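Peer 1: Supplied in structure tokens, the structure appears directly below.
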Amino acid sequence: MSRLPRGYADRTDLRDYATARLLATEPIHRWFAFSHSYSADLVRSIVRFWGLTPHDSILDPFVGAGTTPLVAKESAIPATGLDLSPLAVLASQVKVADYHADELIRFWNLLRRRLPSTPPPSVEPGHRILQRAFADEAWDWWCFLRQRIRGMVPAPECHFFVLALLKAMRSVCRASSDGGWLRWTRRRPRPSLVRTFWQQAVETMLQDVRSAPLARDAGLWAVRQSDARFPPSDLGRFTALICSPPYPNRHDYTRVFAPELLLEFLDEEGVRALRYGSFRSQVEARAPSYTEDGYTPGRVLRRQLAELKKAPVTDRRVVPMVEGYFRDTFQMLRALRPHLRQNARLAFVVGNVRHAGVMIEVDRALADLGESAGYQWDGAWVIRYRGNSAQQMASFGREASRESVVFLRLR
């Protein structure tokens, strides 16, 4: 590995915490995890490093599946999460909600009473992705069980059972979302297993509700659908921020999670609008309307962007995507300042990326942008080294990409 930049600490002892793998065994965290998440232990390490207490408050403007606010709740630290994706918002809201186990069990007994062996037929899905992703019987089970939940269980408890059903549908989906793309597979899972997988998911979730001793106060842990570049004016103010913005690696999460988004939340136009309006980490996202007062790429980013513009980029949309990503990052840093208290501490989990053989050092660029947006750089941890895509390695050889936690402080 190359020598670390000045102010960077080798914390590769945390390498296992940089992925979602450990979430699969964590109570409540395991209810619904995104493969691109970090682990709860990484958040716990940052909370311990800063010495946060229940007198602090944490903001996560890219909440994903809710790892940060749930860790905060485990430590009785108030927290709020934001995300543009309605799937992320639902998963996170369900995880941090307060439940009474007896009430959930009562609803569960009603829902599973006299379930048919096969679901009644329903109108076929109107979107080709859903038609391809699910067998007819799996789709019928979705329509039947979702209607049953909505008709028998009030909010917010119904969201608990819908999240379990979404997890069950992923288990019988003909596509995989464990990478950066929605990959179609040859597997043909039995559609009749939807009911079984749903029951197993609910039983696991009920077990966690009964056994996990979490602080209870619905007002202290909240998740809202919002763009980190344009946070709501009534968001409040926080003493800490912990998050992982999307990496500028072209991964389009509106495609990765298209089955779930189309099942429960959005129609085709809605998914397209979400794709166009997302943070510019993928090539189809479009520039939002804002004034970039004060934006200047630092010396390192300026040099790497110049190299990228000269490189043999196969997709001409990559250069504007990378430039737009850092403009969005600056806008996000500037927009969040009014919602942070003086001396608030910020931790961003970011990954460097490689395009056309050019390494874009996201961690160093973020430090420079933070300083130009009115923050002080407080160093960084290097927690992992990742490989490059097969295409990058075939064309340009292997060069390890740092995955880092960049620390900032509000001046």
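The values are calculated or read from the model by the stated rules, or taken from the named source; none is laboratory data. Since the structure is predicted, the reported quantities are computational estimates derived from the model, not experimental observations. Heads up, the Cβs are rebuilt from the backbone with ideal geometry, glycines too, and the neighbour counts pull from every protein chain shown.
Peer 1: If I filter segment 187-201 for residues that are more than 22 Å from ASP136 (Cα to Cα) and in contact (Cβ under 8 Å) with a residue 60 or more places away in the chain, do I get at least one hit?
Peer 2: no
Peer 1: State yes or no: is ILE129 touching a Cys at 6+ places or on another chain (Cβ under 7 Å), of a type in the set (Val, Ile, Thr) and not assigned by TED's automatic domain parsing to the domain that holds LEU263?
Peer 2: Details: touching a Cys at 6+ places or on another chain (Cβ under 7 Å): no; of a type in the set (Val, Ile, Thr): yes; not assigned by TED's automatic domain parsing to the domain that holds LEU263: yes.
Spelling it out, it is not the case that ILE129 is touching a Cys at 6+ places or on another chain (Cβ under 7 Å), of a type in the set (Val, Ile, Thr) and not assigned by TED's automatic domain parsing to the domain that holds LEU263.
Peer 1: Also, I was wondering about something else. Would it be correct to say that ALA40 is crowded, with 24+ Cβ neighbours inside 10 Å and among the hydrophobic types (A, V, I, L, M, F, W, C)?
Peer 2: No: the conditions fail for ALA40.
Peer 1: Among the residues of segment 98-115, are any in contact with a strand residue (DSSP E or B) (Cβ under 9 Å, 6 or more places away or on another chain), at pLDDT 95 or above and of a type outside the set (A, V, I, L, M, F, W, C)?
Peer 2: no
Peer 1: Quick check on my filter: what residues within segment 126-145 are among the small types (Gly, Ala, Ser) and either closer than 17 Å to ALA164 by Cβ or over 26 Å from the mean Cα position of the chain (by Cα) (or both)?
Peer 2: Restricting attention to segment 126-145, the residues satisfying the condition of being among the small types (Gly, Ala, Ser) are 126, 133, 135, 138.
Of everything in segment 126-145, those that are among the small types (Gly, Ala, Ser) and either closer than 17 Å to ALA164 by Cβ or over 26 Å from the mean Cα position of the chain (by Cα) (or both) turn out to be GLY126, ALA135, ALA138.
Peer 1: LEU130 - would you say it is modelled with pLDDT of 95 or more and in contact with a Pro (Cβ under 9 Å, 6 or more places away or on another chain)?
Peer 2: Working: modelled with pLDDT of 95 or more: yes; in contact with a Pro (Cβ under 9 Å, 6 or more places away or on another chain): yes.
Yes, satisfied.
Peer 1: Looking at ARG345, ARG354, ARG334, can you tell me which residue is within 22 Å of the chain's Cα centre (by Cα), in the same structural domain as HIS36 (by TED's automatic domain parsing) and over 26 Å from THR19 (Cβ atoms)?
Peer 2: Just one listed residue meets the conditions, ARG334.
Peer 1: Could you identify the single residue in THR196, THR204 that is surrounded by 13 or more Cβ atoms within 10 Å (Cβ to Cβ), over 23 Å from the mean Cα position of the chain (by Cα) and of a type in the set (Ser, Thr, Tyr)?
Peer 2: THR196
Peer 1: Consider only pairs whose beta carbons are under 8 Å apart and that are at least six residues apart or on different chains; among these, list those whose first residue lies in segment 263-278 and is among the aromatic types (Phe, Trp, Tyr) and whose second residue is buried (at least 18 other Cβ atoms within 10 Å of the Cβ) and modelled with pLDDT of 95 or more.
Peer 2: PHE265/LEU87; PHE265/LEU90; TYR276/ALA285
Peer 1: Of all residues in segment 225-237, which are assigned to a loop (DSSP other than H, G, I, E, B) and over 16 Å from TYR325 (Cβ atoms)? Steps first, answer last, please.
Peer 2: Just the residues of segment 225-237 that are assigned to a loop (DSSP other than H, G, I, E, B), to begin with: 226-237.
If the condition is that a residue be assigned to a loop (DSSP other than H, G, I, E, B) and over 16 Å from TYR325 (Cβ atoms), then SER226, PHE230, PRO231, PRO232, SER233, ASP234, LEU235, GLY236, ARG237 are the ones that fit.
Peer 1: Let me ask you something else. Look through segment 72-88, keep the residues that are assigned to a helix (DSSP H, G or I) and over 15 Å from the mean Cα position of the chain (by Cα), and return whichever of them is nearest to VAL350 (Cα to Cα).
Peer 2: ALA72
Peer 1: Another question, then. With the requirement that a residue be buried (at least 18 other Cβ atoms within 10 Å of the Cβ) and closer than 26 Å to TRP377 by Cβ, what does segment 12-37 give you?
Peer 2: LEU14, TYR17, ALA18, HIS36, SER37
Peer 1: Here is a follow-up. Out of ALA76, ALA72, ALA33, ALA40, report the one residue that is in contact with a strand residue (DSSP E or B) (Cβ under 9 Å, 6 or more places away or on another chain) and among the aliphatic types (A, V, I, L, M).
Peer 2: After ruling out the rest, the residue left standing is ALA72.
Peer 1: Looking at PRO54 and the list (1) within 15 Å of the chain's Cα centre (by Cα); (2) surrounded by fewer than 23 Cβ atoms within 10 Å (Cβ to Cβ); (3) under 28 Å from GLY236 (Cα atoms); (4) not hydrophobic (A, V, I, L, M, F, W, C), which single condition is not satisfied?
Peer 2: All conditions pass for PRO54, except number (1).
Peer 1: Select, from ALA222, ALA240, ALA168, the only residue that is outside any loop (DSSP other than H, G, I, E, B), outside the structural domain of GLU264 (by TED's automatic domain parsing), of a type in the set (A, V, I, L, M) and surrounded by 14 or more Cβ atoms within 10 Å (Cβ to Cβ).
Peer 2: ALA168
Peer 1: So, in segment 89-129, of the ones that are in a helix (DSSP H, G or I) and of a type in the set (S, T, N, Q), which residue ends up nearest to ARG195 (Cα to Cα)?
Peer 2: Residue satisfying both the conditions and the ranking: ASN109.
Peer 1: I'd like to verify a number: residues in segment 334-356 that are without any contact (Cβ under 8 Å) to a residue 60 or more places away in the chain and under 18 Å from ALA287 (Cβ atoms), how many?
Peer 2: Final tally of qualifying residues: 1.
Peer 1: Which ones in segment 274-294 are part of a loop (DSSP other than H, G, I, E, B) and within 23 Å of ALA88 (Cβ to Cβ)?
Peer 2: SER278, PHE279, ARG280, SER281, GLN282, VAL283, GLU284, ALA285, ARG286, ALA287, PRO288, TYR290
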